[in-house]
Structures are given as structure tokens and as C-alpha cells.
1. Would you work out the relative contact order for chain A, in percent, from Cα pairs under 8 angstrom that are 6 or more residues apart?
2. Could you work out, residue by residue across A:204-216, how many beta carbons of other chains sit within 10 Å of that residue's beta carbon, and then give the average as an integer?
3. Local charge sum around A:ASN147 (other residues, Cβ-Cβ under 10 Å, Lys/Arg +1, Asp/Glu -1)?
4. Expressed as an acute angle from 0 to 90° and rounded to the nearest 10, what is the orientation of the C-alpha long axis of helix B:6-20 relative to the principal long axis of chain B?
5. Calculate the mean, over all residues of peptide A:372-384, of how many other protein chain Cβ atoms lie within 10 angstrom of the residue's Cβ.
6. So what are the ³J(HN,Hα) numbers for region B:226-240, from phi and the Karplus equation (6.51, -1.76, 1.60; θ = phi - 60°), rounded to whole Hz, Gly and Pro as x?
7. Compute the helix-to-body angle for A:55-80: its Cα long axis versus the longest principal axis of chain A, expressed 0 to 90° and rounded to tens.
8. Counting only other chains, and only Cβ atoms inside 10 Å, what mean value do you get across the residues of B:53-61?
Amino acid sequence: MGSTQLPPGTDETLAATSAAVAASGEPVEMVQLLGPDGKLGTDPVFSDYAKRIDPEKLRVFYADMARIRRFDQEATALQRQGELALWVPLTGQEAAQIGSAHASQPQDYIFPTYREHGVALVRNVDLAELLKQFRGVSNGGWDPRENNFHLYTLVLAAQTLHAVGYAMGIQRDQKLALASDSNDPKAAVVAYFGDGASSEGDVHESMVFAASYDAPVVFFCQNNHWAISVPTEVQTKVPLANRAKGYGFPGIRVDGNDVIAVHAVTEWALEHAREGRGPVLIEAYTYRVGAHTTADDPTKYRELAEEAAWREKDPLDRLEKYLRTEGLADEAFFEQVQADGDELAKYVRSTTHGLEVPDIRDSFANVYAEAHPLIAEEQAWFEEYSAGFETDQEAAN
Amino acid sequence: MATMTIAKAINEGLRASLKSNPKSLLMGEDIGHLGGVYRVTDGLIKEFGADRVVDSPLAESGIVGTAIGLALRGYAPVCEIQFDGFVYPAFNQITTQLAKIHARSHGRLTVPVVIRIPYGGGIGSIEHHSESPEALFAHTAGLRIISPSNAHDAYWMIQKAIECQDPVIFFEPKRRYWLKGEVDVENAGLSEGPFKAHVVREGTDATIVAYGPLVPVALAAADAAIEDGRSIEVIDLRSISPLDFDTVEASVKKTGRLIVAHEAPTFGGIGGEIAARISERAFLHLEAPVIRVGGFHMPYPVAKVEEDYLPDIDKILEALDRSLAY
Ligand SMILES: Cc1ncc(C[n+]2csc(CCOP(=O)(O)OP(=O)(O)O)c2C)c(N)n1
């Protein structure tokens, strides 16, 4: 990385010491701390961040990863049973999501795509509410302001621009706050998107805007290697993390199946953003182990061997190995995690059945924020039309 | 009362909003130091600084998409799209995101973004600088679409658009930017709400509905019709979505005849919507079918022939003749 594009301070050291920060168009190295063997390695920069993670936090990481995987299985089952129209599984991406989500603070605002169930869990979104969209009872579900976790966005990459705009709003708020002596904690934004989405123009525009205005935003790309059936190689000729250099901000590739490294890197990036040093792109190198969605058939486009190879790098297995060998968690812990997962699955199953089917009248309610004559007219027509059926019914009785 | 051009009126309206609402901001290509290619934002950067009048990167989707994010954070962004034909890169953000966020969030989130678009032809310009894409947006629920035709409305309607909690697309009739008019800066008067049509001329024999750049044309046609002893009512629609059918209907019930004029192609245009609604609402009052005057089903033609494309006084008079012949 050329020092001209570097903010002063620790970044200089970072550039000098961590080859993981994209330095050129050359293939980028990957930050990894916890290897597939469950052994903890070191990184000149990010080990310091990893040291902040105490054993209790590690257990939380594990528990969250396990719970969200269990949730994923349950949602897949619900879809198979016809209870959900579609499901978007995350298995394989737990570390990328749980690690990054735990690096954010409550005041940070998160813009997910549609697969960030793990992030939603960490941000305390009620997972039953998350299923509303997939059950067809809402196009949203939760209140985004409650946990600073935005609604899912199905149009790929659209939210990356919203994230940057929101970050520009934070910058302005901070200026106003400075003027008014407020002590609000500094905030940043995280925008999640996939390797496929990285080809969309909106990602490019969002990075241009973010760089131009030094917006406090962290772009978190989960490179799970497939955009439905199309491999990453069709989306990009260079490692995605390297693209950041072209925009003038740091790009880091991290082992997305290593929850410790993901957390460390994201924490660094969020601090960087909150401190006003501008955006960061993180490419979490991971794998979508299952299908793209429940409507997809991966056997048509990829080798089973590839999937098997990635299962060897499973994010839960490696943390479990580490926790066990270091004596940081005992059998009772793992049993409890399993029990909690089953409990969550039970909760989700029962609440899904209970999700209320809305009245079409609700759809009239929020097309506009302010009164609108066409809505009023069409709703009045609908009421009259519906009442006609009731009258027919009465006549028939 | 002050006399000013439409461009100046919008400039003053923006200035008033920037002053009264510290969370409002302008963003767009070249709107800062240049003051926009039409100078509509002239001088505002000097007064409010580069954080409030943002020269954005050259990226329409980026402008609208980041405006959505700013709105989600509590700001009231006003985007300028440099020309009508360049709004399409932002079409996705406008129709799939901006229009729907309020509904998707069950009313929890509002995105009060205003998108200003200089639109329409008649300025002898080159490709993509003369289009009228309002119907494309009007078809999308969740958006409001307005277009002033005079300086007083321009001054007030832009301010009301910024206050509105819904996304508003503000179509500026670019060939009228230099049209002068009286502006009552103290009193919005009739234009208190930007979503109502105005009867700008009373008459008894037929009604002409127009908006934006064609309102002066409709008024001139009504003037010319006097020579044939015709008394023509003219309605300035002002708002394309919502569309004030009540005002149009009341007029048609009085005159029995309706002509709708707009620059956009007639096929699939707003005129068809008005014709259909009015024939549903006032069928028995109509003495003639509703007649549309608009552009042909072709890409906006080259400047040297745009005179033949654009609705003018003669085309409107011809439509009136046809209507009155029934
Ligand atoms: C604009 C747009 N085009 C196409 C689609 C259909 N689609 C949904 S997911 C997907 C692949 C996305 O891949 P990626 O960005 O890598 O994310 P992943 O699903 O692998 O997490 C496609 C093509 C869409 N949702 N939005």
C-alpha cells in the first residue's frame, strides 16, 4: 500500500508489517489466526486485536455459531415442510458473520444483504421476525432502529449505497454533535454483500462515494465462492480485497472460517472507520457449504469434493478443537450449547406457525407516509367490494 | 411580491429550505461551485458550505442510493439529476428501494428524499437532454411526482417537496427555467399543497389539462380559441402522482370535453390514465372522447425536428376541433 493513501498513525505500521493488507494487484495474503487444526497462530497486527477476546467471549462466539447453524437447519426444514416460501442457508459462513457482528458496537448501523442471519442473531433481532419475509407475511419484519440492523435487501448491492449515505449522515451528526458538545459514542456502518454482488455497479459507486468522503463504513464481503451457480472467478480477476486499493482505502482478506481473525480484522476496521480514517474493505474468504437457497441444486455446477474440502475447514470444528485443547470449555458447555440450539429451534418452529397473516388493508397503510388520495380511493373501493361478498353471504344464508 | 425566473425561484426555495432545516442538504453533479449546469443551485455552496451543497461523484445510482442512506439517518437530501435522460442509472434505486422502504418497514422508516430532474424538450439539445420520463415513475407506488409550471409554484413546491415525508420526484420544466413570474414569498396562497391541481383559466366549452412546460402552451391555445368563440378551461395539474382527478372531473362536468397534453409519448403515458379515469368518473358528462396530445412512440427526435414532435398550440387546437366536432 502506498503511504500516500494511508492515514497517519498505526496504519503506517500496519502497512509495513502486515502483508495481509492489500498492497498491490498481487494476490493478497490472508489473515488467519485460528487454523483448521484448531491451533492459534500469530499476525503482526491482528494478534493484538485477538488478545482482546477473552475466553468468555470465545465461548459466546462458539455458542452463537452453533445456535445459528441449528437455526439454519430448522429454517431449512421448515421450508421443506412448506412453512417458508424460500430459505437462504448460511451454513459454512458462521464465523464470518458471528465474528464480524461481535466486532460492531450497538451504535454502529448494519446493512445486511439477505443471508446475514448470524449477524441478526448477534444484533438481537428476534429470529422469528426474521422469518416473516421468508414466510410471506412481511417484506421486512423487525424494527431496524431497535438494534441498528437494517432490513434485508434482495436487490443485490443496493444497500451498499445506503450504507455509505448513512455513514455520511453519521459524519454530519458528529459535526453537529461537536458543535453542541455532545458525547455520543462514535459510530460506523457495516455493509454486507457477496462476491457475486461485488460485480454490481452499486458496489463500485458505493466505494467511490465512501472514498471521496472518507465515510465511516466497513464493506464486509463474504466471498463464499459462488453466486448461485457462478464462481467468483467470473466476477473478478483479482482478489476482491485488492480492489480497495483502486479506491484508495485498505482492503484485507481474512480467513472467513476463522472467527478470531474475522473478529480481530473487523474490530480494527471499525475502529479505523469510527476514528474518521475512512472506509475499509474486508473480504471474508469462506464457503457456502449447502445450496444457495432451498430452490438451488449445487450438484449441477460444482464438485462434491470441493464442498468436502471446505467442510474440513469448518468454522465450528476448529473453534471447538481450540476450546477443548486449551481447556476453555468443558463437556457441559457443549451440551448446554446444543440444548440452547434445540430450544431456539423449538421457539422458531412454534413462532413461525403462529406468525400472523396480515390483512391486505395493512398494505394500503404504508405505501406513503402522508395521506394519498389514490390509496384512499382504492381502499374504499376494496372495502365496498369486500362488503359485497358479505352481503351475498347474508343473502345466501 | 418579487419577480423572478423559475430557475431563480427554485434557487430561492432551496435556500429557504437549507436555512430553515439544518438537516436538509443538496447533492448532485456540478451543483456546488458551478451551481449546476442550469445554475439552479447557484451561490448556495458559498452560503451553506460543501457539506450542505455536495458536489457528488459522477454516479446517479450513487447519488440516489447515498441519499437514501442519509435520509435513513435523519437527513433530508435533495438530489439533482443533471438531465432527464440520465436518471436511468438511478432507476433501480428509485423504484426498488426509495419507493418501497416506508412500506417494507411497516411505516417505521421514512425516506424523505427529493429528486430534482430538469426535463422536457424544446431547447434544441442533443440526445438524452429532452426526455419526459414521468410516467415511468408515476407507475411506481410510493413515489410522489410533481412539476411546477410557474415561478410562484416553483418557489413553494420545492419547499413543500422537501418537507414531505415521502420521496418526491420534482420535474423541472427546463425550457421554462427563464420564464419570469411573480412570486409571493410571504404567502404560498393557493399552492399550499403541491399535490393539488389548479384551474388556471376558467372556461365553459372544453378543458385542457397540462403540466410543467406545456401549461403556457395550453394557455396560449385557449387564448387562440377565443377567436373561434370558444371558452376553454385550463388546468395546471402540478402533481402527476397523486393525480388530482377531483379537480379534473369537476371541470369536465362543467365543460363536457377534455384534452390532455404532455410532452411524453401518448402511449402508456399519464394522458391515458387521465382519459381512463375521467371516462369512468364522468362518462355521462362527456360530449366527446378524451383526446390526448403528446409525443410519438419514438425516441425523442433530433433537435432539428423536435418542433414536429412537441405538442404546440396548433396540435392542441386541432385536438379541440376534433373534440368539439362531436
Ligand atoms: C440485482 C439482482 N440481480 C439478481 C438477483 C438474483 N440473485 C439472488 S442471489 C444471487 C447470487 C448472489 O451471489 P453473492 O452476491 O455471491 O451472494 P451469496 O448469495 O452467495 O451470499 C442472484 C444472482 C438479485 N437478487 N438481485
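Only the coordinates and a few stated rules stand behind these numbers; no lab work does. Predicted, not measured: the structure shown is a model, and the values here were computed from it. Every residue, glycine among them, receives a Cβ derived from its backbone with ideal geometry; neighbour counts consider all protein chains shown.
1. 24
2. Taking the mean over all residues of the peptide, I get 4.
3. Cβ neighbours under 10 Å give a net charge of -1.
4. Around 40 degrees separate the two axes.
5. What the average comes to for A:372-384 is 2.
6. 4, 4, 8, x, 9, 9, 10, 8, 10, 10, 8, 5, 6, 10, 9
7. Roughly 40 degrees between the two axes.
8. 4
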